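For reference, the structure discussed in these notes is given below.
The values are calculated or read from the model by the stated rules, or taken from the named source; none is laboratory data. Predicted, not measured: the structure shown is a model, and the values here were computed from it. Neighbour counts are summed over all protein chains in view; Cβ atoms, including those assigned to glycine, are modelled from backbone coordinates with ideal geometry.
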C-alpha cells in the first residue's frame, strides 16, 4: 500500500522543461482516461513552481478533453500577475497538441484577518467506520476492467459515514460525509500537501449528484464526467491526518449535476471548500 502513496507523490513531481514549461507522467487507473484529480494536482504543482513565498488560496479549472493515460502531459504556465499580496497564474495542460485543462490559480502572502467558519457536521469519528471497498464477490458479472478499477491499491483511506452500495444502489438524500487521509505520513511540505488535497478533492464530488436517483456507474448506462472544478484553501492541510469531506448536491438538471464540498480537519477547522459541475447522463438500456 505504501507503494501506491509513493507513486502519487512521484506523480505530483514534474519535470521542468523550460522556465514556465513542465511535464508530468500519466497514470492509468483502468478508466481509459486520466483521473481529473491528477491533472488538477499536477497543474497546481506547475503553477507552484513559478511562485515563491506565497501559498495557493484558490483555483478554478475547466476540464476540456479526456486525458490520454498512455502519454505524458505538458503544463504551460502563464505568469499573469505578481502583486504586493497576490500572485495569479494560468496553466494550460496539453496532450497531443491540444489543451485538456485550463486552470487559473491565485497565491497570497500569509497574513492575519477576520476569521469565522461553518460548523463541522456532527458525525462519529473515523475509527467507527471501515475503509471503503466493494465486495466484488457479490457481482461476478462486472467487467474485468471495472473489477481492476475497484480493486486497485489506493494511496488514501476513505471511510464513508453513510456507505454507498454501488452494486445495489438505493435512493437517498444528495449528501454524504467521508473521512479520509493518506495511508501513511507524507513529507511536511505545504505545497505537496495542497497539491495532494487538490488531487483527492475530485473523489466523491460528482457521485453525490446521483444519490437521490438510486443509480451507479456499475450499471453500465450512467455517464459521469467533470466539467469544471473550483477550490478554496482556508488553512494548511495535513494529508496524513484524518479530514472529513462533507458533500452535498443542491441541483441536477440539463444532464448536469452540481456539487459542493467542505473539508474539515479532525478538530473541526475548515481546511478547504470545493465546488464542481459535471455531465450526468443516464442512457437508455439499449445504449449499454
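Tabulated values for the structure
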{"read-out": "Filter result for residue 57 (closer than 26 Å to residue 156 by Cα, modelled with pLDDT of 95 or more, surrounded by 16 or more Cβ atoms within 10 Å (Cβ to Cβ) and more than 18 Å from the chain's Cα centre (by Cα))", "value": "no"}
{"read-out": "Candidates 36, 67, filtered to the one that is within 21 Å of residue 273 (Cα to Cα) and buried (at least 20 other Cβ atoms within 10 Å of the Cβ)", "value": "36"}
{"read-out": "Positions within the range 168-178 being buried (at least 16 other Cβ atoms within 10 Å of the Cβ) and either more than 14 Å from the chain's Cα centre (by Cα) or within 18 Å of residue 24 (Cα to Cα) (or both), in sequence order", "value": "169, 174, 175, 176, 177"}
{"read-out": "Residue selected from the range 7-41 under the condition more than 21 Å from residue 271 (Cβ to Cβ) and in a helix (DSSP H, G or I), by the criterion nearest to the chain's Cα centre (by Cα)", "value": "39"}
{"read-out": "Filter result (touching a strand residue (DSSP E or B) at 6+ places or on another chain (Cβ under 7 Å) and farther than 16 Å from residue 181 by Cβ) within the range 239-260", "value": "247, 248, 249, 250, 251, 252, 255, 256, 257, 258, 259, 260"}
{"read-out": "Any hit, the range 250-272, residues being crowded, with 16+ Cβ neighbours inside 10 Å, in contact (Cβ under 8 Å) with a residue 24 or more places away in the chain and part of a loop (DSSP other than H, G, I, E, B)", "value": "no"}
{"read-out": "Condition broken by residue 211, with the remaining ones in (1) surrounded by 15 or more Cβ atoms within 10 Å (Cβ to Cβ); (2) in contact with a strand residue (DSSP E or B) (Cβ under 9 Å, 6 or more places away or on another chain); (3) in contact (Cβ under 8 Å) with a residue 60 or more places away in the chain satisfied", "value": "(3)"}
{"read-out": "Per-region count, the range 5-24, residues surrounded by 17 or more Cβ atoms within 10 Å (Cβ to Cβ) and within 18 Å of residue 96 (Cβ to Cβ)", "value": "2"}
{"read-out": "Answer from 46, 4, 66 - the residue that is in contact (Cβ under 8 Å) with a residue 60 or more places away in the chain, within 20 Å of residue 187 (Cβ to Cβ) and outside any strand (DSSP E or B)", "value": "4"}
{"read-out": "Some residue of the range 274-281 being at pLDDT 95 or above, buried (at least 22 other Cβ atoms within 10 Å of the Cβ), over 20 Å from residue 12 (Cβ atoms) and more than 16 Å from the chain's Cα centre (by Cα)", "value": "yes"}
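This table checks each residue for (1) surrounded by fewer than 16 Cβ atoms within 10 Å (Cβ to Cβ); (2) modelled with pLDDT under 95; (3) outside any loop (DSSP other than H, G, I, E, B); (4) out of contact with any strand residue (DSSP E or B) (no Cβ under 8 Å at 6 or more places or on another chain).
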{"residue": "192", "(1), (2), (3), (4)": "no, no, yes, yes"}
{"residue": "196", "(1), (2), (3), (4)": "no, no, yes, no"}
{"residue": "223", "(1), (2), (3), (4)": "yes, yes, yes, no"}
{"residue": "237", "(1), (2), (3), (4)": "no, no, no, no"}
